[in-house]
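The values are calculated or read from the model by the stated rules, or taken from the named source; none is laboratory data. On a predicted model such as this, the values are computed, not experimentally measured, just so you know. Cβ sites come from the backbone with ideal geometry, for glycine too, and all protein chains shown count toward neighbours. For accessibility, only protein heavy atoms count, side chains too; no ligands or nucleic acids. Shrake-Rupley method; radii C 1.70, N 1.55, O 1.52, S 1.80 Å.
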Amino acid sequence: MRSRPVHPVPGVYPPTTDYVHAAEVSTPERWVFVAGTMGLDAGGQSGADIDEQLDLVWDNLTAILARADMTVDHIVRLTTYLTDAAHAERNGAVRVERLGGRAIPTTAVVVETLSAEWLVEIEVIAAR
């Protein structure tokens, strides 16, 4: 699989350094669509705060992708659902760290989750 960023044409606002507007994926053999994944431990308990939940979300995503013989390096699209815009900066920092600085198309949305304890939910698309 090959992936390359698609940069905007004149007249389209520039992305920040932590994401790209679009990515072209060429010759993937397989796709994995991961449902919204929460910051829950193996027993289904929420992390105590946004930092713990972000760690759990990314650990869960890593484990799910590993089961499909993929890593976070195969993520080509990511959507984050946050319960509070105040978590956006921390979410972005953790995303950049966990992706090793690799910029991909990403969206963050502020929503009400199904449980008040869930502060963050992330869904991804991965290709290999």
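Quick notes on this one:
- Model label points for residue 4 and residue 49, set 7 angstrom from Cα along the Cα-to-Cβ axis, are 4.4 nm apart.
- Computed from the Cα positions only, the extents of the range 4-128 along the three principal axes stand at 44, 34, 23 Å, in decreasing order.
- Taking N as its residue count, the alpha carbon Rg of the range 1-63 over 2.2 N^0.38 Å: 1.57
- Sorting 6-12, 38-44 by their mean Cβ neighbour count within 10 Å, with the most densely packed peptide first, gives 38-44, 6-12.
- Adding -39500 (n - 2.57) for every DSSP H run of four residues or longer, then dividing by how many residues the chain holds, sets the calculated 222 nm ellipticity at -7500 deg cm²/dmol.
- Where 51, 73 fall by accessible area, highest first, once all protein chains stay in place (1.4 Å): 73, 51
- Under the Karplus curve 6.51 cos²θ - 1.76 cosθ + 1.60, θ = phi - 60°, whole-Hz ³J(HN,Hα) for the range 114-126, x wherever Gly or Pro sits: 5, 10, 4, 6, 7, 8, 8, 9, 10, 10, 9, 10, 10
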